[in-house]
Amino acid sequence: MSIKSDRWIRQMALEHGMIDPFVERQVREGKISFGLSSYGYDIRISDEFKIFTNVNNSVIDPKHFDETSFVNVKGPVCTIPPNSFVLSRTVEHFRIPRNVLSICVGKSSYARCGLIVNVTPLEPEWSGYLTLEISNTTPLPARIYANEGIAQLLFLESDETCETSYADRKGKYQDQTDITLPRL
């Protein structure tokens, strides 16, 4: 397995539709950076958010998830309440090749403010818009900005193809288009 460079990522995005839309350079001025980096791709967060609230005193249960635990917000900025989290999706749509595993990690600009993006894999042959969870670990409200960088994807290419891909397993989060809540 080897981590892939900007040249490989560019080729896979432009020739094989691995990332769409694809930004060929880092965009930084006045923004949380996004686009192609040396050994990864900085993804953007959309302008649609599900902000967690506990007004109903619900128990969080991934087997019986209560959708009323979220308030839906659309806009250029999302304010995450203290010690809470928000769900959103990426601006980019992904098509991961069968011999590639991608890992999503948070950006340091947000981490230095106490905002953590859940580390998650994009498995071989997974496709869709990635749903992300952003936690505010601070006792203060915190902002995130739509259409700006939120996390980085690292791409690992195997020298052999996996026996069973995410698509083969008919994974429950395959081809998601919206912010997707937990499923069984």
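Values in this text are rule-based calculations from the coordinates and carry no lab data. A quick note: this is a predicted structure, and the numbers were derived from the prediction, not measured. Counting neighbours? That spans all protein chains shown, and the Cβs are built from the backbone with ideal geometry, glycine included.
Some points to look at:
- Helix 6-16 axis, angle to the chain major axis (alpha carbon atoms, nearest 10°): 90 degrees
- Rg and Dmax, both from the Cα atoms of the range 102-184 and both in Å, are 15.0, 47.
- Range in the chain, longest, excluding exposed trypsin sites (Lys or Arg not before Pro) [loop by DSSP; at most 16 other beta-carbon atoms within 10 Å]: 113-168
- Cross-link partners of LYS50 among lysines (Cα-Cα below 24 Å; sequence separation of 8 or more within a chain): LYS31, LYS63, LYS74, LYS107, LYS172
- Note on the range 1-152: Cα-only Rg and Dmax are 16.1, 49 Å.
- 18 Å cut-off, amide nitrogen to a point 7 angstrom out along LYS31 Cα→Cβ, residues in the range 142-184: 144-153
- The chain, relative contact order in percent, only Cα pairs under 8 angstrom and at least six apart counted: 28 percent
- Taking all Cα pairs closer than 8 Å and separated by 6 or more residues, the relative contact order of the range 1-64 comes to 25 percent.
- Within the chain, longest stretch clear of exposed GluC sites (Glu not before Pro) (DSSP loop, no more than 14 other Cβ within 10 Å): 30-159
- Derived scalar couplings ³J(HN,Hα) [the range 133-149; Karplus, 6.51 cos²θ - 1.76 cosθ + 1.60; whole Hz; x for Gly, Pro]: 10, 10, 9, 9, 8, 9, x, 10, x, 9, 9, 10, 10, 5, 6, 10, x
- Taking amide H as placed 1.01 Å from N in the peptide plane, the amide H of ARG98 sits under 5 Å from that of GLU125, each at least 5 places away or on another chain.
- Charge-dipole axis of the chain as Lys and Arg at +1 and Asp and Glu at -1 on Cβ define it, positive-most pick from THR120, CYS104, VAL86: VAL86
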